[in-house]
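To start, the structure under review is shown below, and the notes come after it.
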Amino acid sequence: MEKNGQLTFSDDSLLSEVNGSLLLLESGDFAQAAARTDVLLTSRSDYPGLAEAFRSARYWQTRMEEAFQKEEGIDRANFMMDQWMDFTHYAEDKKMMESSAFAAVRKFVFYTAAEHFKIAFHLNQAEKFGNLLNLGICFMNLGEFRNALDTFEYARSSIKTDAKLISLLAEAYYQTGDIPKSMLNFREAFFIDPTSIDMTMIHAKPIVDLIATSHAYKPEYPDPREWVSVIGHITDIFYVKRQINMQQLDSLRKEVYNLERSYQALKKEIRAISGITPRLISRYLWLFDYYSYQSYNFENSSQIRNRLMELDKDLFLDYFKNLKK
């Protein structure tokens with residue numbers, strides 16, 4: 001039956017067949033999915049999503065035959081993750097990334113990988129941190145953000161300063177609605193090592209916007225992640241902050257000293273595109289907060305203010321003016 005000249009879904013005889021093929025993809029029955037979609041293509045090769053389902057089924061059919069030859073646990077889990085990376089390149093080339101078939105395969109791949117990372121963890125295969133990190137990534141891709149959050153928190157109990165882990169933990173907090181904890185962890189992740197953060201896993205709007213703002217502010221920089229810590233600070237996106245203890249204060253001072261030495265040794269044109277400048281600035285900003293709000297010291301905060309103006313006057317002129325208001 002047509003409505004306003006268009007065929008409604010209820011009258012589409014192929015819809016249930018295609019949906020059935022997607023369920024086969026989601027369950028990992030790629031041989032049956034390939035056979036079914038092959039038959040359907042002979043009658044309706046132009047049907048939306050059908051070609052993508054057929055390509056996905058054929059792609060994974062042979063790879064799963066190889067997967068079943070891998071030992072259960074870490075070997076099969078890593079194989080699934082590696083094949084997924086290859087599949088994303090294939091899907092991008094075939095313009096399949098937004099297809100229902102791609103989403104169906106993703107559920108199967110990450111569910112399977114998660115089960116084998118669990119086996120690897122319980123059997124003490126490989127190292128626990130890597131297993132937990134990858135298990136959490138599987139949960140994220142499955143949309144199981146609470147499970148991801150618990151997994152990342154457990155992983156962080158053993159390694160507290162891994163920027164990739166902390167950024168994923170921040171994303172999990174964002175997806176579960178805890179924005180303050182999310183921004184706190186994003187702030188620390190981008191401070192520790194912005195280049196280790198996988199932005200394909202980050203969908204939190206404040207961070208996506210910060211990447212765009214950083215690129216607009218410093219278009220000559222090859223990696224806008226380097227400036228997120230700085231821009232997030234001055235725009236107050238990273239408004240939640242931990243207090244700094246004396247050990248962290250000493251570490252910050254040492255980092256500033258070493259970065260200043262490296263900064264002074266670089267040629268001006270190298271500084272302009274090097275990550276050393278935003279990393280030095282971000283550490284000065286942490287020290288500025290410490291001496292301005294946590295342990296007030298007018299002389300130290302004034303010296304840091306002057307140094308920040310020297311490093312980037314265009315950025316900090318308005319920032320310090322607004323602080324006075």
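Bear in mind that the values in this text are calculations on the coordinates, not laboratory data. Model, not experiment: these values are computed from the prediction. FYI the Cβ positions are ideal-geometry reconstructions off the backbone, even for glycines, and counts take in every protein chain you see.
Here are some notes:
- Entry note, the stretch 14-126: relative contact order of 32 percent, from Cα contacts under 8 Å with a spacing of 6+ residues.
- Reachable lysines, given that their alpha-carbon falls under 20 Å from the alpha-carbon of K254 and they are not under 8 places away in the same chain: K160
- Ordering Y291, Y217 from the fewest to the most neighbouring beta carbons within 10 Å gives Y217, Y291.
- Size descriptors for the chain (Cα atoms only): Rg and Dmax, in that order, 25.0, 79 Å.
- The D150 and I270 beta-carbon pair, evaluated with R₀ = 45 Å, returns a calculated FRET efficiency of approximately 0.55.
- The phi-based Karplus calculation (6.51 cos²θ - 1.76 cosθ + 1.60; θ = phi - 60°) puts the 3J(HN,Hα) values of the stretch 139-147 at 4, 4, 5, 8, x, 8, 6, 5, 5 Hz, whole numbers, x for Gly and Pro.
- Within the listed set T235, T213, T200, the residue fluctuating most in the Gaussian network model of the chain (springs between alpha-carbon atoms under 10 angstrom) is T200.
- MRE, 222 nm, helices only [DSSP H, n ≥ 4, -39500 (n - 2.57), over the chain, to nearest 500]: -22500 deg cm²/dmol
- Cα-based shape type of the stretch 14-126, given that a ≥ b ≥ c are square roots of the gyration tensor eigenvalues and the cut on a/c is 1.5: prolate
- The stretch 14-126, dipole about Cα centre (Lys/Arg Cβ +1, Asp/Glu Cβ -1), debye to the nearest 20: 160 debye
- Neighbourhood charge, 14 Å Cβ-Cβ cut-off, centred on Y217 and excluding it, Lys, Arg +1 and Asp, Glu -1: -4
- Selection from T112, S100, A57, by position along the positive dipole direction of the stretch 14-126 (Cβ): S100
- Contact order for the chain, expressed relative to its length and based on alpha carbon pairs under 8 Å spaced 6+ residues apart, stands at 9 percent.
- Seen from F145, the other residues with C-beta closer than 11 Å to its C-beta sum to a net charge of -3, counting Lys and Arg as +1 and Asp and Glu as -1.
- Selected from L169, L149, L24 as most flexible by GNM, with the chain as the system and alpha-carbon contacts under 10 Å: L24
- Highest-first arrangement of 31-38, 191-198, 296-303, where packing means the average Cβ count within 10 Å: 31-38, 191-198, 296-303
- Residue exposure sequence - M97, M140, M85 - by fewest surrounding Cβ within 10 Å: M85, M97, M140
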